[in-house]
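Read-outs: derived from the displayed coordinates by stated rules, not from any lab. Everything numeric here is computed off the predicted structure, so don't read it as measured data. Quick reminder, even Gly has a Cβ in these numbers, built from the backbone with ideal geometry, and neighbours come from all protein chains shown.
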Amino acid sequence: MVLWAEYSKFKERTRKGLQRLRNSKRWLSLNRLLLNKVPARTNMPPLKDGDSRARDPTLKANLLAETLLAKSALPPAPVQLPDFPRRETTLRLAEFFMVRTRTAGKILRELQLGTATGIDQLPVRWFKECADVLAVGAMLARKVVTDGKRPACWKMHSVVPLHKRGSVFDKLNYRGAHLTTILSKVVERLVAHTVFLFLEATSAFGHSQ
């Protein structure tokens, strides 16, 4: 409800801005924004599948899914990490972890409008325009740290194929870009900001870091 109320206020401000502008480029850009118009997207060319070519959108999607899944396979044996010496400290992250509303508001206002949305389809503009209202929900980051869990919906990603180089018809020339939800990114930045301060306070960084 909060997001919808703020979005309605944004549309009202945009309409008032249109009334002050007449036959200008700014008027056209605001009109496209108000109508939620998006630029035209190019279609993906047919992909090679052996001696044949996948032309149907479903066949191309399945072919890319199989290719990206094969590229993302884990190594056959687990990697054994070295046993690093631990430093004893009386400071605990649960006691040190503090989430400030002004920090959350700053992160929300610094979001880039060109950032792609995640599986929840919530646009970046909502979070940017409603930064002052949504900053109060920064306690969600503390809940994530104290419980040691993330919401299940944040573990779901939309994978978009991006062409790297070479022929656009070769399925091996594409890589998968994971589109994460914007709210998940904001909480991760909040946690990272505090964890970094905790690591500095406990001298957890090595000499080569």
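General remarks:
- Charge dipole (Cα centre; +1 on Lys/Arg Cβ, -1 on Asp/Glu Cβ; no other charges) of the range 108-209 amounts to roughly 300 debye.
- When the convex hull of its Cα atoms is viewed from all sides, the range 92-209 shows a mean projected area of 10.2 nm².
- Cα gyration tensor shape for the range 159-202, rounded if a/c is under 1.5, else prolate or oblate: prolate
- Modelled label reach - residue 158, point 7 Å along Cα→Cβ, the range 120-152 residues with backbone N closer than 11 Å: 120-124
- Of the Cα atoms belonging to the range 120-180, the radius of gyration and Dmax stand at 17.4, 48 Å.
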